[in-house]
Amino acid sequence: MSGENRTSAPRMGGGMRGAFNGPAAKPKNLRSSMRKLAGYMTVYAPLIILAALLAVLSAVFTVAGPKYLGRATDTLISGAARGAIDFAGIGKTLSMLAVLYGVAFLFSYLQGFVMSSITASITRKLRDDIFKKMHRLPFSYFDETAHGDTLSRITNDVDTISTTMNQSFSQIITSIASLAGITVMMFTISWQLTIVALLMIPASLFSTSLIIKKSQGYFKKQQDYLGAVNGHIEEMFSAHDVVCAFNGQHDSIQKFSEFNNSLYKSAWKANFLSGVIIPLTFIISNFVYALVCIAGGVFALKKIITIGDIQAFLQYVRSFTQPLQMITNVTNILQQTAAAAERVFEFLELKDEIPDAPDAKLLVKGENDFNVCFENVEFGYTKDKIVIHDFSADVACGQKIAVVGPTGAGKSTMVKLLMRFYDVSGGEIKINGVDIRSYKRDSLRSVFGMVLQDTWLFKGSIADNIRYGKRDASIDEVIAAAKAAQVDSFVRSLPDGYNMLLNEEADNVSRGQKQLLTIARTIIADPSILILDEATSNVDTRTEVLIQRAMDNLMSGRTSFVIAHRLSTIRNASLILVMNDGDIIEQGTHDELLAKNGFYAKMYYSQFD
């Protein structure tokens, strides 16, 4: 399909598509979200095993250090007692200690490099999946959901997963390996003191679990309200001129303040509760450390262990608390990861657009004459609100069909049904006698060319924007399409001509010029069926006449649907369908409808009163 997708106009006062009513009352648990995230990691299992092995090796060489330092202390004390200190032996021990720490650093560096590669790959895969999912979602999702909220899932939530996962999984692997190694080394010194030191594990886990149960809900709310804030900002930024024109700044600021205050409340509660974990763990570890000091002093007096062993053991206790605190801190980080992952997987698990039937047919542009038939079509965006009640019409190949009627009559909805942005609730739409639901969507939409009132141009050159209708078009074809759309003369007057870059909002050209460019883009696509929805509404009267001639040439031999409010532009239509409240109330040529002196005649003459 050439042309552009239609987007809903922003609402005033800060209202968003798909009103945000706050986060779900009961968020999914951390385990569920992390299990899904773990599914993305299974592809990288060999690298994860390698990272775990490197972490274990780093921990082994690190935890061996205090043991050697204890030996150096014992050597120093025994030498001092004899009056002859073995400095050579102490130097040899310290040299060995330096080698151990150097090798530990090397393995830690390699482990960090591997984990960074894994998390970057997972992040890329998540973004790819989300973006592909966007193109599989039904059109109704984008009508009902704030664009900024979807954008927040792709950016903020995935960034949160990337950052926290890179930190947390590296720390978990390193911490578990360190805890295992330190525990073994402590047992080699004194099993009694080791039992005392291990008391901090159940105490820390119990206190941490209580806090996590309370804080996880606030982390989920924090991510939800962050999406709401982004959605509101995106909507207000895209419609800033409209907001100012209608003095909607106060309402917009008030709505933003509501979302921002809700984000503030959930964020500080989440961070406060999670921030309690580390100090609480620190208190528990200090208490256990004091017990070890007392018990170690008693054992030293009874000559059960040496002073060097006590020094080494106390170092291990301090080292033991560090990975334990790191694990509790990671638990805090994982709450943010789980909250972000929940929003990402919630999006990825949305129901896809109804897939094409396995035996779906191909509709090839230019190979057939296209006759369109609407048979008793009924449609409603919701079951209790029917927009089109009983729409029937036969459109022969090459006819120019004008669809007119008041706002809300169902004109644009009919086009969405024809393009299968939505499927009919009742009746059928047929092309060449075949229900359009029997065609592959891609092939169905490829035969259409759309020019809508709401223009869409992307950041790039003018030539590339026109070439969007036909990707492999030559520059000569681009210029020919531009001339047919009456756009060539003003393009050549611009800096760099066809190579001039349009910005992201394409506001460095006028609205009328943007519309001309979208018409050129449709012309170059050479579609079999045209849909023109108020295509000339944003151009001046003189340019409208020129475009009308170009459109008449373009529509020659093609089936065309023209939705118009300016009835003077469709007087030469083969058939005019007059819609009101979802039904065709009149049909005929311009002269026939005027002769009836009915609804159409009143609309037509009212434009000249």
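For region 28-348, what relative contact order do you get, as a whole percent, if you take Cα pairs closer than 8 Å and at least 6 residues apart? Relative contact order here is 32 percent. Going by Cα centres, region 29-61 and region 562-599 are how many Å apart? Distance between centres, Cα-based: 66 Å. Ordering Arg437, Arg467 by the number of other Cβ atoms within 10 Å of each residue's own Cβ, fewest first, gives Arg437, Arg467.
The ranking of Thr123, Thr337 by Cβ neighbour count inside 10 Å, starting from the fewest, reads Thr123, Thr337. Projected onto their three principal axes, the Cα atoms of region 28-348 cover extents of 93, 37, 32 Å, largest first. Converting phi to 3J(HN,Hα) with the Karplus coefficients 6.51, -1.76 and 1.60 and the offset θ = phi - 60°, region 270-279 yields 5, 6, 5, 5, 5, x, 6, 4, 5, x Hz in sequence order, with x at every glycine or proline. A straight Cα-to-Cα reach below 21 Å connects Lys385 with the lysines Lys411, Lys416, residues fewer than 8 places away in its own chain not being considered. Distant-in-sequence amide contacts of Gly427, defined by a placed amide H-H separation under 5 Å and a gap of 5 or more residues or a different chain, comprise Glu378. Put in order of Cβ neighbour count within 10 Å, fewest first, the listed residues Arg492, Arg318, Arg445, Arg343 become Arg492, Arg318, Arg445, Arg343. With Cα atoms defining each centre, region 424-478 and region 180-221 are spaced 61 Å apart in the structure.
None of the figures in this text is laboratory data; all of them are computed from the coordinates on show. Given the structure is predicted, the values throughout are model-derived calculations rather than measurements. Quick reminder, even Gly has a Cβ in these numbers, built from the backbone with ideal geometry, and neighbours come from all protein chains shown.
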